[in-house]
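**Q** The following block contains the structure, expressed as structure tokens.
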Protein chains: 2
Amino acid sequence: MALARVYMDWNATAPLSDAARVAMLHALTIPGNASSVHSEGRAARALTEKARRQVAALVGADPVHLVFTSGATEAASHVLTPNFRMGRSLLTIGRLYVSAIEHPAVREGGRFPAEQVTEVPVTRAGVIDLQALESVLAAHDQASGIAMVALMLVNNETGIVQPVAEAARVVHQHGGILVVDAVQAAGRMQIDIAALDADFIILSSHKIGGPKGVGALVGRGEALMPSPLVRGGGQEKGHRSGTENVHGIIGFGAAAEFALEALVQHRAQVSGLRDELEAGLLEAASDVIIHGRDVERVGNTCFFTLPGLKSETGQIAFDLEGIALSAGSACSSGKVGRSHVLTAMGLDPEMGGLRISMGPATSRQDVAAVVSAFKKISDRRRPAGEAA
Amino acid sequence: MALARVYMDWNATAPLSDAARVAMLHALTIPGNASSVHSEGRAARALTEKARRQVAALVGADPVHLVFTSGATEAASHVLTPNFRMGRSLLTIGRLYVSAIEHPAVREGGRFPAEQVTEVPVTRAGVIDLQALESVLAAHDQASGIAMVALMLVNNETGIVQPVAEAARVVHQHGGILVVDAVQAAGRMQIDIAALDADFIILSSHKIGGPKGVGALVGRGEALMPSPLVRGGGQEKGHRSGTENVHGIIGFGAAAEFALEALVQHRAQVSGLRDELEAGLLEAASDVIIHGRDVERVGNTCFFTLPGLKSETGQIAFDLEGIALSAGSACSSGKVGRSHVLTAMGLDPEMGGLRISMGPATSRQDVAAVVSAFKKISDRRRPAGEAA
């Protein structure tokens, strides 16, 4: 008998939502290139523009300030660059400051050379150290160009919410630009670009139930823009060339609309299940460490360490029990390495972490299955003190 | 009564093939991130690796030398860069030489600054001037770094086949690297990367009946590679970061397999229809100029000029007759401008061109409808000699 699978890795990628599936099935029948001027092209264009409004609404932005990309990683490589334009003038960014818990797509620094990227530490609680941010920006060499700061709204491993609005105040006091990776925040919490006072927001479709291969860079105006990363035919007002990914963009739009509704309808349910899950883990093994319990987190993520259980071993053990979860993030082609997030939080880098992440379709039965598997795996551990 | 539409703009984007549609419908049900190590992730990975073999087969390449991108434009921005690696060493490309009829994604020069890009002329017949190529490469300043040449296999507007293998000999005699945009050649003619002796080939999914938003950069080995354009989690062996566009890649793979079959089954049929079409156009208006009739062209493209008919006017007139065709290429967000291809061929830049491009699903009825609309539009023209 095939084992029913329990998918608890929504932060790696969310299953395609019905809303996105329906929209994409329709879109797959449209032959047009959205940049063609004939009827077929205009039909495709009308649908991508609807999607632009749907995705912009997710962060309270003006759709004209949204550039579709092939994903959040491309959006990061696009916006993280020393070369900007302010209207017709060139504007140089002298240095990029990234929090120590950013996703690799941001930590790599995009188009900045490595020597122009500075890491800003986080506190043991897993949030950016605002005093440290203040210090590095006070010491920033303005003669080299203005400062850019990249801070995620929600950490992908822990689910911990970062103090973005406070960071924005500090960044703007120093005349800098703030880029916010909201990939794991979208669909998990309300986001308003103006309230956060972010200059740019990065979004991904597939983390909110849309298709993979599409994302967005959202700005606040049209004047201040990074030099294009992908150049050619001049699509997306010249900011991002290449034939528009029509069905992907349409699926992203539908998923964004669904995510906003789900925030109202499913948010309490999801965080209720997460609390139930964590109570179950603690009951099964009192020594389990759940990271970020004392600070604000989104409701769908539980990142834990079970002493004596390596992440790799744990992930495989859960997989054999029919449960898909993750050891940190899913990038780097299957590599299961140490968590740079736990390290940044001052924890033992040898300590493995496992991430359970849920979504609107997660059920009580799913949570019960995870707790039961956890108990089994936990009970198999070597008794404490026994040599490895 | 709604007018039945006739889609004759396959070079802008091909309708999604049934093969791709079926593969994508299946793929849309797979929740996994292809970089996750759990069962769902491995299932997604197995399908993307199958697609890698399918797409590589389209150009006779080794699948391990294929990097999936978000499209041909990204692949061009990726490979057209002064910064390469040869194993662990850095390798500098001193200058990029592009033919004057390249697609804007190549003509823009990717990551080369404009002053490091040189255009190589084409003959009046619409093929690269090999003597001019020989001359510019002989004069290339080797001290600045090696030379890179970009030459398309088939021009997107005229369908004219370029002498790539001959150009490769010249390029390699001068120690250069040859990048071949095979976007419009794939599915229209047999392609073999070794026979062409191309160092890199650029492919697009949506021109061969796959989804938009996916393409590939195909190389000959693993040693010589451009510095990554999109950086982050290290997917695609570090050459292209970002969560893999699983359903897009799978659709591309299925379309590639179908395109190879269609080459055998439909190639003669498509070029037969094109010949029928051109005979019809010439019969309807003896002054029509069909570009590239005297040289080797792929069988699906007809690019013509009807004296006294502007491209914009012609395109709209055909659209009103229910026919989707194009004035040159579809990029640049609906912009209908002068054809740089006609200009490069030494023709009057004011002379407008209209492109009819077909595919395996094009029928005899479609061709008849185009000829009939052409006759109507042609007959409406001002009599020659009358003032504009």
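The values are calculated or read from the model by the stated rules, or taken from the named source; none is laboratory data. Computed from a predicted model, the values in this text were never measured in an experiment. Here Cβ is always computed from backbone atoms with ideal geometry, including for glycine, and neighbour counts include all displayed protein chains. Each accessible area value is taken on the protein alone, full model and side chains, heavy atoms only, with ligands, DNA and RNA left out. Shrake-Rupley method; radii C 1.70, N 1.55, O 1.52, S 1.80 Å.
**Q** Which of the numbered conditions does A:M8 fail, given that it passes all the others? Conditions: (1) under 29 Å from A:A327 (Cβ atoms); (2) more than 10 Å from every other protein chain (Cβ to nearest Cβ); (3) among the aliphatic types (A, V, I, L, M).
**A** Here A:M8 meets the rest and fails (2).
**Q** Here's a follow-up. Out of curiosity, is B:R42 farther than 26 Å from B:G359 by Cα, touching a Ser or Thr at 6+ places or on another chain (Cβ under 9 Å) and of a type in the set (K, R)?
**A** Yes.
**Q** Criterion first (hydrophobic (A, V, I, L, M, F, W, C), under 23 Å from B:A223 (Cα atoms) and either open to solvent by 10 Å² or more (accessible area, probe 1.4 Å) or within 10 Å of chain A (Cβ to nearest Cβ) (or both)) does B:A61 satisfy it?
**A** Details: hydrophobic (A, V, I, L, M, F, W, C): yes; under 23 Å from B:A223 (Cα atoms): yes; either open to solvent by 10 Å² or more (accessible area, probe 1.4 Å) or within 10 Å of chain A (Cβ to nearest Cβ) (or both): yes.
Against the criterion (hydrophobic (A, V, I, L, M, F, W, C), under 23 Å from B:A223 (Cα atoms) and either open to solvent by 10 Å² or more (accessible area, probe 1.4 Å) or within 10 Å of chain A (Cβ to nearest Cβ) (or both)), B:A61 qualifies.
**Q** Taking segment B:251-264 only, how many residues are open to solvent by 10 Å² or more (accessible area, probe 1.4 Å) and either in contact with an Asp or Glu (Cβ under 7 Å, 6 or more places away or on another chain) or of a type outside the set (A, V, I, L, M, F, W, C) (or both)?
**A** 2
**Q** Please list, ordered by first then second residue, the pairs with beta carbon atoms under 7 Å, 6 or more apart or interchain, first in segment B:275-293 and touching a residue at least 12 places away in the same chain (Cβ under 8 Å), second open to solvent by 50 Å² or more (accessible area, probe 1.4 Å) and assigned to a helix (DSSP H, G or I).
**A** That search, which allows pairs on different chains as well, returns B:A284/B:K375; B:V288/B:L282.
**Q** I need every pair where a residue in segment B:224-238 that is more than 9 Å from every other protein chain (Cβ to nearest Cβ) has its Cβ under 6 Å from the Cβ of a residue that is part of a helix (DSSP H, G or I) and buried (at least 21 other Cβ atoms within 10 Å of the Cβ), sequence separation at least 6 or different chains.
**A** B:P226/B:H78; B:P226/B:V79
**Q** Restricting segment B:11-29 to residues that are facing chain A (nearest Cβ under 9 Å) and closer than 30 Å to A:Q315 by Cα, which is surrounded by the fewest Cβ atoms within 10 Å (Cβ to Cβ)?
**A** B:T29
**Q** Return a yes/no flag: does segment B:234-250 have any residue that is outside any helix (DSSP H, G or I), outside the structural domain of B:A43 (by TED's automatic domain parsing) and surrounded by 24 or more Cβ atoms within 10 Å (Cβ to Cβ).
**A** Residues of segment B:234-250 that are outside any helix (DSSP H, G or I), as a first pass: B:234-235, B:239-245.
Now drop any that are not outside the structural domain of B:A43 (by TED's automatic domain parsing), which leaves none.
No, the conditions are met nowhere in segment B:234-250.
**Q** (1) of a type in the set (D, E); (2) closer than 23 Å to A:A20 by Cα; (3) modelled with pLDDT of 95 or more: which one isn't true of A:E261, the others all being true?
**A** The failed condition is (3).
**Q** Return the only residue of A:H78, A:H38 being open to solvent by less than 50 Å² (accessible area, probe 1.4 Å), at the interface with another protein chain (Cβ under 10 Å from one of its Cβ atoms), under 20 Å from the mean Cα position of the chain (by Cα) and not hydroxyl-bearing (S, T, Y).
**A** The conditions single out A:H78.
**Q** Just to be sure, is B:S378 at pLDDT below 85, open to solvent by less than 30 Å² (accessible area, probe 1.4 Å) and either small (G, A, S) or assigned to a loop (DSSP other than H, G, I, E, B) (or both)?
**A** Judged against the criteria, B:S378 is not a match.
**Q** What's the number of the only condition in (1) out of contact with any helix residue (DSSP H, G or I) (no Cβ under 7 Å at 6 or more places or on another chain); (2) within 14 Å of chain B (Cβ to nearest Cβ); (3) buried (at least 23 other Cβ atoms within 10 Å of the Cβ) that A:V98 fails to meet?
**A** (1)
**Q** While we're here: Just give me the residues in segment A:113-139 being part of a loop (DSSP other than H, G, I, E, B) and buried (at least 19 other Cβ atoms within 10 Å of the Cβ), in sequence order.
**A** Once the filter is applied, which keeps residues that are part of a loop (DSSP other than H, G, I, E, B) and buried (at least 19 other Cβ atoms within 10 Å of the Cβ), segment A:113-139 yields A:G126, A:V127.
**Q** Looking at segment B:103-120, I want the residues that are touching a residue at least 24 places away in the same chain (Cβ under 8 Å) and have a partner that is of a type in the set (D, E, K, R) and open to solvent by less than 40 Å² (accessible area, probe 1.4 Å) with Cβ atoms under 9 Å, at least 6 apart or on another chain. Which pairs are those?
**A** B:H103/B:D181; B:A105/B:E74; B:A105/B:D181; B:V106/B:D181
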